[in-house]
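See structure below.
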Amino acid sequence: MAALPGPFLYGALLGFLRLSGLAVEVKVPSEPLSAPVGKTAELACSYSTSVGDNFALEWSFVQPGDPISASHPILYFTNGHLYPTGSKAKRASLLHNPPTGGVATLKLTDVHPSDTGTYLCHVNNPPDFYTNGLGLINFTVLVPPSNPLCSQSGQTSVGGSAALRCHSSEGAPKPVYNWVHLGSSPTPSPGSMVQDEVSGQLILTNLSLTSSGTYRCVAANQMGSASCELTLSVTDPPKGRVAGALIGVLLGVLLLSVAAFCLIRFQKNRKKPKETYGGSDLR
């Protein structure tokens, strides 16, 4: 059994195949690409090979999280003709058509958030079977945050705790959230205010009357920002109401005690034996 060629021999063999026109080499950007929503994106792809009659180019798309084997075709170029296909057919074209000069760049107009994913540039030029002729491009459509939704939960009385939440349904990259307390009232102390910029949650503990007021949440990414507001009202139970409630409880306990005492006396009287009188007693 012959030994496999070492790295040096393999590189020399690949160089020979390239010079002889028997190898396809595809080049794509190594860094991820991005474009704002609604704009036109150019996904660069170039190749080196001796274009023959069997030359074919295919662009395909893979949704985020799916394997490469689940790719969907976007367009084909074969036999001198271009064939766009799939849901992106009306927006997909080639920067150079025909792509027989070494440039196979894909042009995608009016990009949508659903265009985010991995794009495959595949060049096939039989009999050049010594490389796979494939390049992968990660592409992200940049979307500003949508108007967030603000909500609150918890015990909003003095000494209690409240949770303020903020979330934008859209935004790429994912928005960062920041809460601020509006107005002239003092901002809650850092120890009673815990904020999570990723989830958009603000936890307020040991509430006081000064914690009341309007709170604004700002969701932001590199494309822009959006905000929402809510009003937090911290209540303090009146002292008179507390005293009245305490008196009511005491009166209730007193009435229950009296009722229990009367019931016990009644039960004892029922169990006491009746006296009998003989004839001599009557005399």
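The values are calculated or read from the model by the stated rules, or taken from the named source; none is laboratory data. Worth saying up front: this structure is predicted, and the values here are computed from it rather than measured. Virtual Cβ from ideal backbone geometry, glycine too; neighbours counted across all protein chains shown. To get the accessible areas, we keep the full protein, side chains included, count just its heavy atoms, and leave off ligands, DNA and RNA. Shrake-Rupley method; radii C 1.70, N 1.55, O 1.52, S 1.80 Å.
Observations on the model:
- Residue match in segment 170-178 (condition: open to solvent by 20 Å² or more (accessible area, probe 1.4 Å), over 30 Å from Ser71 (Cα atoms) and over 20 Å from the mean Cα position of the chain (by Cα)): no
- Across segment 98-122, the qualifying residues are those that are open to solvent by 50 Å² or more (accessible area, probe 1.4 Å) and under 13 Å from Trp59 (Cβ atoms), and the one among them that is farthest from the chain's Cα centre (by Cα) is His122.
- Just one of (1) in a strand (DSSP E or B); (2) under 21 Å from the mean Cα position of the chain (by Cα) fails for Pro145. It is (1).
- Every residue from segment 13-40 that is among the hydrophobic types (A, V, I, L, M, F, W, C), more than 15 Å from Cys121 (Cα to Cα), modelled with pLDDT of 95 or more and not in a loop (DSSP other than H, G, I, E, B): Ala35
- The condition of being open to solvent by 30 Å² or more (accessible area, probe 1.4 Å) and over 16 Å from Ala41 (Cβ atoms) holds for only one of Leu149, Leu95, Leu164, that being Leu149.
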